[in-house]
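Report on one structure; see the data block that follows.
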Amino acid sequence: MDEHDTLERIVPDLVDQADRAGRESLHLHEERYRFAARHAQPGSLLDLACGVGYGTRLIADGRADIESLLGVDIADSAVDHAERTYSDSRVRFEQADAMTFGDDREKSFDTIVSLETIEHLPEPGLFFERLCRLLKPGAVLIASVPTTPSVDLNPHHLYDFTLFSFRQMGERAGLTELACDRQIQRVGLSELWSRDRRFRREQLRSNLVGYYASHPTAFFKRISTTLRHGLANHYSTLVWRAER
């Protein structure tokens, strides 16, 4: 595996302890998984787009009543790392594309977790529908997205969400919201340009001025968000129940 810690896939063992921002990002990810563990149903669990698998393991360690956990990621290297590091008799990992996984399954899981995934996909609505089809009646779906703009800065993100628009996805699917966890990650200008954030800056969108020139709405959205929230990223994790 080409193991490296990135903006989009954190490898816990490779987070530099001197990198405060990196440690904070890992902490936020782990807190989302702890929140998911508290709201997961007993039985079977799917962690779709699980990365290197540490979150799947975190849920398993906290919930002995979950009988089986399946982590799925598109990257072979991530799945290989997960299998070597986090698998056991209850936890296994599989390589698959999130947009095609489940074609051979129906109503398979008591809990589905997919954190920081939806904003990466070209058809988030179709992906959400796919998740819902894989829920057993009464099952729980736990998902998270950034709820402040991110597409302008992060070339890996394809859609911006607000908490309102994210909630609408569940409402349109006929799900009942059970819980919401909101997180804030503040960023200072001096920290943004410090040495320990260099590798993260290199993964941000290049030629940002040119991007704003061709996407003026994104520029005004960024100004409005900064005036309202300051230099901060907001994230929301929602828990929904499938009624049927």
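The values are calculated or read from the model by the stated rules, or taken from the named source; none is laboratory data. Please read all numbers here as calculations on a predicted model, not as lab measurements. No Cβ is skipped: glycine too gets one built from the backbone with ideal geometry, and neighbour counts run over all protein chains shown.
Details
- Checking segment 23-42 against the condition returns no match, with no residue being part of a loop (DSSP other than H, G, I, E, B), in contact with a helix residue (DSSP H, G or I) (Cβ under 6 Å, 6 or more places away or on another chain), closer than 26 Å to residue 133 by Cα and not aromatic (Phe, Trp, Tyr).
- Annotation note: Cβ proximity below 6 Å between a residue of segment 119-147 that is farther than 19 Å from residue 183 by Cβ and among the aliphatic types (A, V, I, L, M) and a residue that is buried (at least 19 other Cβ atoms within 10 Å of the Cβ) and at pLDDT below 95 (sequence gap 6+ or interchain) occurs for 134/102.
- Residues of segment 85-108 that turn out to be in a loop (DSSP other than H, G, I, E, B) and either charged (D, E, K, R) or in contact (Cβ under 8 Å) with a residue 12 or more places away in the chain (or both), as a count: 15
- Output for segment 53-82, where each listed residue is in a helix (DSSP H, G or I), more than 23 Å from residue 120 (Cα to Cα) and more than 19 Å from the chain's Cα centre (by Cα): 61, 62
- Set 47, 80, 110: member being at negative phi and surrounded by fewer than 19 Cβ atoms within 10 Å (Cβ to Cβ): 80
- Residues in segment 154-172 that are free of Cβ contacts under 8 Å to residues at least 60 places away in the same chain and surrounded by fewer than 20 Cβ atoms within 10 Å (Cβ to Cβ): 155, 158, 159, 162, 164, 165, 168, 171, 172.
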